[in-house]
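K.L.:
Mind having a look at this structure? Questions to follow.
The values are calculated or read from the model by the stated rules, or taken from the named source; none is laboratory data. This is a predicted model, so every value here is computed, not measured. Virtual Cβ from ideal backbone geometry, glycine too; neighbours counted across all protein chains shown. The area values use the complete protein model at the heavy-atom level, side chains included, leaving out ligands, DNA and RNA. Shrake-Rupley method; radii C 1.70, N 1.55, O 1.52, S 1.80 Å.
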Amino acid sequence: IGYKALAVNVSDVAAMGGAPRLALLSLMLPPATPLADVDGLLDGLLQVAAATGVTLAGGNISRSPGPLVVDVTVTGAVRPRRILTRGGGHPGDSLYVSGTIGAATAGLGWLRAHGVTGAERPEDPDLAECVARHRRPEPRARLGALLGRTRAARACMDLSDGLADAIRQIAEASGAGAKIDASALPIHPGAARWFLAQGADPVAACLSGGDDYELLFARSNRARGRLRLVERQARGLRLTRIGELTSDRRLVVEREGTVQPLPAGFVHF
């Protein structure tokens with residue numbers, strides 16, 4: 001819980017091209033909270049802080065009648081002309097996604113199916129990686145800062161609520177539509193097998209499912225060289241072109257010769 005509470009906030013800073021700097025942590029603890037739980041929460045949070053260069057600068061602790069409340073605020077730094085928003089894209093820009101998608105959704109599905117609450121994991125190593133991705137997502141802090149600093153991207157968003165949601169948000173904020181190539185989607189192999197075993201469509205599940213915390217970004221044709229520079233400095237992180245922004249305001253997925261509407265992402269309420 002502590003790991004994820006900081007990681008998802010670092011991801012938001014990365015999605016705007018910033019470098020995370022400081023974190024504030026406020027805890028509201030029920031009276032019966034074991035000290036070991038608080039220590040474990042802090043251990044997880046500090047693991048992300050060390051990996052991303054974030055300093056835990058302060059916060060607050062108070063009593064709660066229940067439930068446990070973990071509140072994290074992260075601040076970051078970015079030069080004004082390097083800020084990435086959702087609305088900076090233009091028709092003709094290529095859409096890229098980092099890493100692989102669908103792993104966290106598949107991992108959550110396995111945990112729910114097996115009623116697991118502890119450290120158990122599947123025997124299949126690919127599916128075990130999916131469970132790990134759900135429990136401990138890796139924020140793309142380095143990639144986000146590189147995309148902003150080099151101006152390789154014009155718009156960016158993280159995949160907290162799914163790839164389809166991020167595509168929709170960037171396209172609408174940029175006054176554009178989007179066309180996605182289903183065959184280009186970098187679906188995690190363990191996730192693909194899990195969805196097929198459950199009778200689900202891997203493409204639809206990976207577009208709709210959230211919690212991957214990868215980055216979706218728009219790249220102009222003039223920024224091809226800048227993106228190659230980012231790829232060289234991304235330490236092996238995969239960047240995949242999955243489609244483009246269009247002047248046609250529709251949001252569609254091309255799949256096996258047909259054009260389908262983009263599915264919805266995760267909806268909280």
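K.L.:
Could you go through the stretch 230-246 and let me know if any residue there is open to solvent by 30 Å² or more (accessible area, probe 1.4 Å) and more than 28 Å from Pro20 (Cα to Cα). Even if it seems obvious, please write down each step before you answer.
P.N.:
So the first thing to find is which residues in the stretch 230-246 are open to solvent by 30 Å² or more (accessible area, probe 1.4 Å), and the list is 231-233, 235-238, 241, 244.
Next, from what is left, pick out any that are more than 28 Å from Pro20 (Cα to Cα): 244.
Yes: the stretch 230-246 contains one or more residues that are open to solvent by 30 Å² or more (accessible area, probe 1.4 Å) and more than 28 Å from Pro20 (Cα to Cα).
K.L.:
Search the stretch 17-38 for residues being farther than 16 Å from Val72 by Cα and in contact with a strand residue (DSSP E or B) (Cβ under 7 Å, 6 or more places away or on another chain), and hand back the single one that is most open to solvent (accessible area, probe 1.4 Å).
P.N.:
The initial filter retains those residues of the stretch 17-38 that are farther than 16 Å from Val72 by Cα, namely 17-19, 30-37.
When the remaining residues are screened for being in contact with a strand residue (DSSP E or B) (Cβ under 7 Å, 6 or more places away or on another chain), the result is 17-19, 31.
Working: Gly17: 6, Gly18: 3, Ala19: 22, Pro31: 93 Å².
Ranking the candidates gives Pro31 first.
K.L.:
Considering only residues that are in contact with a Ser or Thr (Cβ under 6 Å, 6 or more places away or on another chain) and acidic (Asp, Glu), which ones fall in the stretch 84-128?
P.N.:
Taking the stretch 84-128 first, the residues in contact with a Ser or Thr (Cβ under 6 Å, 6 or more places away or on another chain) are 87, 89, 91, 93, 97.
The answer is Asp93, and nothing else.
K.L.:
Looking at the stretch 215-237 only, could you name the residues that are farther than 14 Å from Ala155 by Cα and not small (Gly, Ala, Ser)? Can you show your working first?
P.N.:
Taking the stretch 215-237 and keeping what is farther than 14 Å from Ala155 by Cα, we get 222, 224-226, 228-237.
If the condition is that a residue be farther than 14 Å from Ala155 by Cα and not small (Gly, Ala, Ser), then Arg222, Arg224, Arg226, Arg228, Leu229, Val230, Glu231, Arg232, Gln233, Arg235, Leu237 are the ones that fit.
K.L.:
Is it true that Gly107 is open to solvent by less than 70 Å² (accessible area, probe 1.4 Å) and either closer than 19 Å to Leu215 by Cα or in contact with a Lys or Arg (Cβ under 9 Å, 6 or more places away or on another chain) (or both)? Explain how you work it out, then say what you get.
P.N.:
Numbers: open to solvent by less than 70 Å² (accessible area, probe 1.4 Å): yes; either closer than 19 Å to Leu215 by Cα or in contact with a Lys or Arg (Cβ under 9 Å, 6 or more places away or on another chain) (or both): yes.
Here the answer is yes, as Gly107 does meet what is asked.
K.L.:
Look at the stretch 148-164 and say how many of its residues are crowded, with 23+ Cβ neighbours inside 10 Å and within 20 Å of Thr100 (Cβ to Cβ). First the steps, then the outcome.
P.N.:
From the stretch 148-164, those crowded, with 23+ Cβ neighbours inside 10 Å are 148, 152-153, 155-159, 162-164; that's our starting set.
Narrowing the set further to residues that are within 20 Å of Thr100 (Cβ to Cβ) leaves 153, 156-159, 162-164.
Total satisfying the criteria: 8.
K.L.:
Please identify the pairs in which a residue from the stretch 150-165 that is among the small types (Gly, Ala, Ser) has its Cβ atom under 7 Å from the Cβ atom of a residue that is in a strand (DSSP E or B) and open to solvent by less than 10 Å² (accessible area, probe 1.4 Å), counting only partners at least 6 apart or on another chain.
P.N.:
Ala153/Phe217; Ala153/Ala218; Ala155/Phe217; Ala155/Ala218
K.L.:
Residues of the stretch 7-43 being farther than 14 Å from Tyr213 by Cα and β-branched (Val, Ile, Thr), which ones? Don't jump to the end; show me each part of the working.
P.N.:
First, the residues of the stretch 7-43 that are farther than 14 Å from Tyr213 by Cα: 17-43.
Matches in the stretch 7-43: Thr33, Val38.
K.L.:
Sticking with this structure for a sec: Under the condition of being of a type outside the set (D, E, K, R) and open to solvent by 70 Å² or more (accessible area, probe 1.4 Å), which residue from the stretch 69-90 is nearest to the chain's Cα centre (by Cα)?
P.N.:
Within the stretch 69-90, the first condition is being of a type outside the set (D, E, K, R), and the residues that meet it are 69-70, 72-78, 80, 83-85, 87-90.
Subset that is open to solvent by 70 Å² or more (accessible area, probe 1.4 Å): 80, 83, 90.
Values: Pro80: 23, Ile83: 18, His90: 22 Å.
Filtering first and then ranking leaves Ile83.
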